[in-house]
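**Student:** One structure, pasted below without further comment.
The values are calculated or read from the model by the stated rules, or taken from the named source; none is laboratory data. All of these numbers come straight from a predicted model, not from anything done at the bench. Cβ sites come from the backbone with ideal geometry, for glycine too, and all protein chains shown count toward neighbours. With ligands, DNA and RNA removed, areas are computed over all heavy atoms of the protein, side chains included. Shrake-Rupley method; radii C 1.70, N 1.55, O 1.52, S 1.80 Å.
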Amino acid sequence: MNKYILLRHRDIPNLKDLQIYQENGGFAAFRKIVTGLTPDQVMQEVKASGLRGRGGAGFPTGVKWSFLPTNLWPHYVVANADESEPGTFKDREILEENPYQFLEGLAIASYAVQANTSYVYLRGEFDPLAAGLDRCIAAMEAAGLLGDNLFGTSYSLRLHTHLGAGAYVCGEETALLESLEGRRGLPRLRPPFPAVVGLYGKPTVINNVETLTNLPPILENGATWYRTIGTEKSPGPKVFCLSGRVKQPGNYEMPLGTTFRKLIYEYGGGILDDRPIKAIMPAGASSALIPATEAVLDTPMDYEAVAQVGSPLGSASVIILDDTVRMDWLANKTAHFFSHESCGKCTPCREGTYWMAHLTDRIAAGKAEAQDVELLHDVTSQIQGKCFCALGEFSIMAVRSGIELFRADFDARAKRVES
Amino acid sequence: MVTIYIDGKPYQVDAGQNLLHICLSMGINLPYFCWHPAMGSVGACRQCAVKQFRDENDTRGRLVMACMTPAVEGLRISVQDPQAVEFRASIIEWLMENHPHDCPVCDEGGECHLQDMTVMTGHTYRHYRWKKRTFRNQNLGPFINHEMNRCIQCYRCVRFYRGFAGGRDFDAFSNHNTVYFGRKTDGVLESEFSGNLVEVCPTGVFTDKTFRKHYTRKWDLQTAPSVCVNCSLGCNTTPGERYGQLRRIRNRYNFNVNGYFLCDRGRYGYEFVNSDRRIRQARLRRNREAAFESVAPDEGLQRIKEIVKKSGRTIGIGSPRASLESNFALRTLVGPEHFFSGATVKDHELVTEAIKILRDIPSSMASLHEVETSDAALVLGEDVNNVAPMAAYALRQSVRCKPQAISQKLKISDWDDTAAREAVQDQKGPLYLATIADTRLDDMATRTFHASPQEIARLGFAVAHQISPTAPQPENLDSAALELSKMIAQDLKDAESPVVVSGCSLEEKSILYAAANVVQALRSIGKPARLFLTLPESNSLGLELLEPGSLNQAFAIAREDNVEAAIILENDLYRRSNPALLEAFFKSIPSVIVLDSLDNPTAQKADVLLPAATFAESDGTLVNNESRAQRYFQVFVPQDDIKESWVWLRAIGDALGQEEPGARKTFDGLIADMVKELPFLAPVQEISPASGFRIAGAKIPRQPHRYSGRTSMHANVSVHEPQPPQDPDSPLSFSMEGFLAEPPIEQPPASLIPEFWAPGWNSIQSLNKFQEEVSGPLIGGDPGKRIILPPDPEQAAYFDEIPEPFASRAGELLLAPLYAIYGSEELSIHTPGEAQLTPPLRLEINPRDAQQFNLTGETVLQVSVDSQVFELPLHISASIPEGTAGMICGLPEMPYVALPAWGKVTPKPVNSSTENPG
């Protein structure tokens, strides 16, 4: 019992029923802070907990909140539910099965930055989830958990859902804001940062669904409790999305700092057909490949340690590749994904991903010339570090690391033409 | 100012300015696409990458986008850094993945920014070997050709069209590498600034469709500095000619006037020059019943000599669309006391009054640039989009000035376009529009006020009174107007540089007075308010500065004083006077001499008709609405017997043996005479060097040095290359030889730049080489000078001629003039594209009046006004004030009627002989 902190619905049936959620301590934290804590106290508690953003960047949440200027109003909080990274499906489970804990987290974040209107931005494919959230929001309003003068205080809060049109780039927070404002989802240049010029030009916090879902337990049990989970620099639980060539793919909630080995072999049941593992993509399609050496398998999955072995942890969408996977094929898949999802704003990403897709097509089809692999590598070099937003930067990760670490896979395809 | 280091060399630059702006201003070539000098930076194309170093010890550095990086003290960048150079070439390579290799057949070829930038980056070899992406193109109407395959997705077009010009029917669609710029469906682009897409687009996606019909490469066009003749603002243009045909018009930058842009009426209004209706030969008729016969010019002149010699008196009727010089030549020929304004009686009065206001009131007239940079505006009466479109463009930009404080507070640079717009959101500075009916600027307005002309004037008087109680107050103002006047007054008082835009279009003098009072009131409390008056035509001010009599006086003299002959200069009087009066006038004058370029009803009345040159075939000066005298030059020598009007008039004077100083034979001499007689016109002599001006002993060629086919273009006539035409009137030559400008090292004075071109910069973007600083004044000063200079700052008296409140009349409506951008202006209907967009005749009536008069949607109305009866289809429009009706004036099918005027409106009687219902 009570094994889960984020995926609590796995412990408690029907947690998506407001009454059951409340019977199990739901909204106690929100009520407590609104009636008993100042926004600053909430912010300090979250800072003390060491909670880091679960959307990918791992930025400390409390610090992010504190960037909002207090001389510019109103403030907005936007929950980023545009879960689009290939291999990521954690937010979806939370939104489907444990929506109130997420919404309570959103309400807590809103109180902490004194936002009176907050939004849940969902990817277009999450249409049914948005309808579910709308019902939850209506139930909360009926129960007096949203609205004016909450719990007899002067604090008011309203929540709204907003569906995007299903563009990957809208998970990038500035593109998300553009889309939320009703425009095409193109990223904005920073500075100014959304904390100062965000939604409708006002200071805005954008937090991932899972990040927000962490807040009710933190406020209920305290930062000290929270820090007993996970590692020193990456405290707390995390939902790892395991997919790829494993026997039991799925969401696994574990403390940050659990090793790859434990995730893959204990929770995931090992590799399909018990074949040898070849590489790991810890951050979905945006991650660089990490060759699955013994040392890597024993690496604790926290933000620092994973970065040291070659890729950011990102949203912890761990894709497992075994020896049946050709890296030129993988490069081709990711290149196509990014060329399709490029928003078309900046040249390197718009044209570069398109070119990568063509080149990897040819390599994967075995029709490449020897110099094409080198050309592909050159193209990635010209993209790297020169794009407008992170999408372009991420687009080359798998391709570039694939060539650098598994060159033989590529050359094997390319050489065939010469024979 | 801060010191930055570009490739190790120190430069003093404005702190906070972006590095691309700085590099270009310093003459350093750096390629770019998405940035535009008038539209700022968005950082999308990544073309302007440079290397930035932390300090002098940093050797690695990192690539940054110059357009998005502000200058700070001690900043070190390298443009030449190999990695930056390589990256910039790779950006071009990427853009070329899909850009077709159709330069040889592309309209943009030879003046393509993409071509220039490709050469600049050194990209030559492509590694990409796949099929190019293709799109479907759209029919965007008569002005713009669409070829999406050429698009490099710089987003400039959509930023201009929506963000700056306020258009709604054009957008960016789709994503990744299929981003598409166009309309939802095919159709005419709605914006009156759509033509600028042609210049804003860095390659050949949007090209000039009218030009395409008689296409010529840029380097084969003969060009000369010119001024637009399609409204009173005097935007600077560059017309281009080939084989005796005017091929197109492009923008000519003038910091004070039009900046980087033109309206579509000005850009596409040139085709009348090539019209089939051009008068190309002298014509005369032996008597009023006889048919016209074409004659040699000398015969026409001989006839005129006979007529004028035997005549007791000859009167001259000038023209608001003819040059100052031609009008002056006529005035000299007939004598000042016999020189009459060719404008309508009302326009004559209004413009004369406008001149008085500009002279008497201690305020500066606003230039277009000053309207654009004012932080609060009140428009009294003018539907600027249709009357003076570029003023609408300027006002549209002006509402962005005040909210800049918001982004500046957030330390966002003004050039950081996306961020600045995001911070500002839809907040707008004060813009109040008091007009007859809704306008296409309403979406920008703080408040609109739709009322009759006199109520508009009364609102203006009330605003002036609210600002300064010493200004007279209108009585019995209704409470809504009073509240609005308080609100307007407060916003104008709170502004740093408010502007009042008004003009003559509603033909209501008291509106001018009200506008003047508002400016005076603001000045009296220490606000540097400015006045911007739009006038009826391109040289309305210049004509009236010559102090002509009114058209009615001309008619009276003709009736009473035994006038023998009238010389009518470039003027279709049927557009300016009641037809019955005109018939009587022509009957009373034994001999009518007309000089004009296009056949029209007045030309049909001529006993002798002389073919006059258009603006493109003439030298001359136009005085714009702010009294800025601007010189335009012959683009090409007219064919057949066409001559500039002042040349004809001088020839008539010679034929008559008038006592004339010999110097009068030249254009310079004519101006000298003019300044001698009217010394206040002295600036006209200073706006451009005299004809003897040379650089290094050479004239300035109108033809580019790459002009091709010179030796063969006449080969069908003779294999011997003819001598090029001589130009005794200006320092320009009809040749490709002469002084070759090498900006910014050496270039002609701004008034004499036939086209903007610099080595490596073949497109209009070459402008940066001619400016003191990017988007700043031209080196050596922008062309044009104001004739009316602001008088000493002492308070003039307020106008107190406040009209009575508007009272509706039973059975009658006050017909007020409405304007159509294409159609209301005389020349636009002679351009096929513009004629196509001319609205239909109609009478616009408020729904409640329609109900009261029992009028419904499809009715044709009989309108009796000023002893004329018109049949006009009914158009019910909620924005027309009750008791008034709007009538689009100037349309070719409509006889002239002086508006506003009361008219009786009844449904057209149903035709009794209806078809039988079976």
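**Student:** Take the residues in the range A:51-74 that are touching a strand residue (DSSP E or B) at 6+ places or on another chain (Cβ under 8 Å) and open to solvent by less than 10 Å² (accessible area, probe 1.4 Å); name whichever of them is nearest to residue A:93 (Cα to Cα). Let's see the steps before the verdict.
**Tutor:** If we filter the range A:51-74 for residues that are touching a strand residue (DSSP E or B) at 6+ places or on another chain (Cβ under 8 Å), which is where we start, we get A:51-56, A:58-61, A:64-65, A:68, A:74.
Right, trim to open to solvent by less than 10 Å² (accessible area, probe 1.4 Å) and you get A:51, A:54, A:58, A:61, A:65.
On the way: A:51: 20, A:54: 15, A:58: 20, A:61: 22, A:65: 26 Å.
Out of the qualifying residues, it is A:54.
**Student:** Also, quick follow-up: In the set A:364, A:408, which member is without any contact (Cβ under 8 Å) to a residue 12 or more places away in the chain and either more than 10 Å from chain B (Cβ to nearest Cβ) or open to solvent by less than 30 Å² (accessible area, probe 1.4 Å) (or both)?
**Tutor:** Among A:364, A:408, only A:408 is without any contact (Cβ under 8 Å) to a residue 12 or more places away in the chain and either more than 10 Å from chain B (Cβ to nearest Cβ) or open to solvent by less than 30 Å² (accessible area, probe 1.4 Å) (or both).
**Student:** Is the range A:37-54 home to any residue that is touching a residue at least 24 places away in the same chain (Cβ under 8 Å), in contact with a Ser or Thr (Cβ under 9 Å, 6 or more places away or on another chain), within 14 Å of residue A:214 (Cα to Cα) and acidic (Asp, Glu)?
**Tutor:** Looking for residues that are touching a residue at least 24 places away in the same chain (Cβ under 8 Å), in contact with a Ser or Thr (Cβ under 9 Å, 6 or more places away or on another chain), within 14 Å of residue A:214 (Cα to Cα) and acidic (Asp, Glu), one finds none in the range A:37-54, hence no.
**Student:** Please return the ranges of strands (runs of 3 or more DSSP E) entirely within the range A:224-286 where 2 or more residues are surrounded by fewer than 19 Cβ atoms within 10 Å (Cβ to Cβ). Reasoning before the result, please.
**Tutor:** Details: elements: A:237-244, A:250-255, A:277-281.
Qualifying strands (runs of 3 or more DSSP E): A:250-255.
Rundown of residues vs (1) crowded, with 23+ Cβ neighbours inside 10 Å; (2) among the polar types (S, T, N, Q); (3) free of Cβ contacts under 8 Å to residues at least 12 places away in the same chain, yes/no style:
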site: B:435; (1), (2), (3): yes, yes, no
site: B:438; (1), (2), (3): no, no, no
site: B:468; (1), (2), (3): no, yes, no
site: B:473; (1), (2), (3): no, yes, no
site: B:523; (1), (2), (3): no, no, no
site: B:532; (1), (2), (3): yes, no, no
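**Student:** How many residues does the range A:1-41 contain that are open to solvent by less than 30 Å² (accessible area, probe 1.4 Å) and under 22 Å from residue A:61 (Cα atoms)?
**Tutor:** Qualifying residue count, the range A:1-41: 8.
**Student:** On the basis of being modelled with pLDDT under 95, among the aliphatic types (A, V, I, L, M) and within 24 Å of residue A:388 (Cβ to Cβ), does residue B:44 make the cut? Reasoning before the result, please.
**Tutor:** Numbers: modelled with pLDDT under 95: yes; among the aliphatic types (A, V, I, L, M): yes; within 24 Å of residue A:388 (Cβ to Cβ): yes.
Spelling it out, residue B:44 is indeed modelled with pLDDT under 95, among the aliphatic types (A, V, I, L, M) and within 24 Å of residue A:388 (Cβ to Cβ).
**Student:** Does the range B:399-420 hold any residues that are part of a helix (DSSP H, G or I) and touching a Gly at 6+ places or on another chain (Cβ under 7 Å), and which are they? It would help to see each step written out before you state the result.
**Tutor:** Of the residues in the range B:399-420, the ones part of a helix (DSSP H, G or I) are B:404-409, B:417-420.
Passing the criteria: only B:417.
**Student:** Can you tell me how many residues within the range B:336-395 are farther than 22 Å from residue B:323 by Cα and acidic (Asp, Glu)?
**Tutor:** So the count comes out to 6.
**Student:** If I ask for residues that are open to solvent by 20 Å² or more (accessible area, probe 1.4 Å) and either more than 9 Å from every other protein chain (Cβ to nearest Cβ) or touching a residue at least 40 places away in the same chain (Cβ under 8 Å) (or both), which ones from the range B:388-408 would you list? Explain how you work it out, then say what you get.
**Tutor:** Going residue by residue through the range B:388-408, those that are open to solvent by 20 Å² or more (accessible area, probe 1.4 Å) are B:400-402, B:404-406, B:408.
Scanning the range B:388-408 gives B:400, B:401, B:402, B:404, B:405, B:408.
**Student:** While we're here: Among the residues of the range A:79-106 satisfying the criterion of being open to solvent by 20 Å² or more (accessible area, probe 1.4 Å) and either part of a helix (DSSP H, G or I) or in the same structural domain as residue A:336 (by TED's automatic domain parsing) (or both), which is nearest to residue A:207 (Cα to Cα)?
**Tutor:** Only one residue tops the list, namely A:92.
**Student:** Does residue B:571 meet the test of being out of contact with any Cys (no Cβ under 9 Å at 6 or more places or on another chain), open to solvent by 10 Å² or more (accessible area, probe 1.4 Å) and assigned to a loop (DSSP other than H, G, I, E, B)?
**Tutor:** no
**Student:** Which one of A:205, A:196 is facing chain B (nearest Cβ under 9 Å) and in contact (Cβ under 8 Å) with a residue 60 or more places away in the chain?
**Tutor:** Being facing chain B (nearest Cβ under 9 Å) and in contact (Cβ under 8 Å) with a residue 60 or more places away in the chain holds for just one of A:205, A:196, which is A:196.
**Student:** Something else: Across the range B:213-234, what is the total count of residues that are open to solvent by 10 Å² or more (accessible area, probe 1.4 Å) and on the phi > 0 side of the Ramachandran plot?
**Tutor:** Adding up the residues that qualify gives 0.
**Student:** If a residue has to be farther than 24 Å from residue B:352 by Cβ and in contact with a Leu (Cβ under 7 Å, 6 or more places away or on another chain) to count, how many in the range B:610-634 make the cut?
**Tutor:** Qualifying residue count for the region: 5.
**Student:** Taking the range B:884-902 on its own, how many of its residues are over 15 Å from residue B:454 (Cα atoms) and assigned to a loop (DSSP other than H, G, I, E, B)?
**Tutor:** 10
**Student:** Does residue A:355 satisfy the condition of being at the interface with chain B (Cβ under 7 Å from one of its Cβ atoms) and either assigned to a helix (DSSP H, G or I) or open to solvent by less than 10 Å² (accessible area, probe 1.4 Å) (or both)?
**Tutor:** Numbers: at the interface with chain B (Cβ under 7 Å from one of its Cβ atoms): yes; either assigned to a helix (DSSP H, G or I) or open to solvent by less than 10 Å² (accessible area, probe 1.4 Å) (or both): yes.
For residue A:355, the condition - at the interface with chain B (Cβ under 7 Å from one of its Cβ atoms) and either assigned to a helix (DSSP H, G or I) or open to solvent by less than 10 Å² (accessible area, probe 1.4 Å) (or both) - is met.
**Student:** Just checking, does the range A:331-346 include any residue being within 30 Å of residue B:42 (Cβ to Cβ), more than 14 Å from chain B (Cβ to nearest Cβ) and part of a loop (DSSP other than H, G, I, E, B)?
**Tutor:** So far as the range A:331-346 goes, no, none of its residues is within 30 Å of residue B:42 (Cβ to Cβ), more than 14 Å from chain B (Cβ to nearest Cβ) and part of a loop (DSSP other than H, G, I, E, B).
**Student:** If you don't mind, another one. Please verify whether the range B:64-77 includes one or more residues that are surrounded by fewer than 21 Cβ atoms within 10 Å (Cβ to Cβ), within 13 Å of another protein chain (Cβ to nearest Cβ) and not polar (S, T, N, Q).
**Tutor:** Scanning the range B:64-77, I find at least one residue that is surrounded by fewer than 21 Cβ atoms within 10 Å (Cβ to Cβ), within 13 Å of another protein chain (Cβ to nearest Cβ) and not polar (S, T, N, Q), so the answer is yes.
**Student:** As an exercise: evaluate residue B:243 against (1) at pLDDT 95 or above; (2) open to solvent by 10 Å² or more (accessible area, probe 1.4 Å); (3) among the hydroxyl-bearing types (Ser, Thr, Tyr) and give the number of the one condition it does not meet.
**Tutor:** Among (1) at pLDDT 95 or above; (2) open to solvent by 10 Å² or more (accessible area, probe 1.4 Å); (3) among the hydroxyl-bearing types (Ser, Thr, Tyr), residue B:243 violates only (1).
One line per residue, one yes/no per condition, for (1) open to solvent by 20 Å² or more (accessible area, probe 1.4 Å); (2) in the same structural domain as residue B:627 (by TED's automatic domain parsing); (3) in contact (Cβ under 8 Å) with a residue 60 or more places away in the chain:
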residue	(1), (2), (3)
B:668	yes, yes, yes
B:687	no, yes, yes
B:699	yes, yes, no
B:710	yes, yes, no
B:713	yes, yes, yes
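**Student:** Same structure again: Here is a list: B:203, B:237, B:178, B:210. Which entry is open to solvent by less than 10 Å² (accessible area, probe 1.4 Å), within 14 Å of chain A (Cβ to nearest Cβ) and of a type in the set (S, T, N, Q)?
**Tutor:** The match here is B:203.
**Student:** Just checking, does the range A:171-180 include any residue being away from every other protein chain (no Cβ under 14 Å), part of a loop (DSSP other than H, G, I, E, B) and in contact (Cβ under 8 Å) with a residue 12 or more places away in the chain?
**Tutor:** no
Condition check ((1) in contact (Cβ under 8 Å) with a residue 24 or more places away in the chain; (2) assigned to a helix (DSSP H, G or I); (3) within 20 Å of residue B:647 (Cβ to Cβ)) across all residues:
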residue	(1), (2), (3)
B:276	no, no, no
B:307	yes, yes, yes
B:316	yes, no, yes
B:346	yes, yes, no
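**Student:** Another question, if that's okay. For the range B:421-433, give me each residue that is within 13 Å of chain A (Cβ to nearest Cβ), open to solvent by 10 Å² or more (accessible area, probe 1.4 Å) and touching a residue at least 12 places away in the same chain (Cβ under 8 Å).
**Tutor:** If the condition is that a residue be within 13 Å of chain A (Cβ to nearest Cβ), open to solvent by 10 Å² or more (accessible area, probe 1.4 Å) and touching a residue at least 12 places away in the same chain (Cβ under 8 Å), then B:421, B:424, B:427 are the ones that fit.
**Student:** Examine the range B:15-32 for a residue that is under 27 Å from residue B:202 (Cβ atoms), within 14 Å of chain A (Cβ to nearest Cβ), among the β-branched types (Val, Ile, Thr) and open to solvent by less than 20 Å² (accessible area, probe 1.4 Å), and state whether such a residue exists.
**Tutor:** No - not one qualifying residue is present in the range B:15-32.
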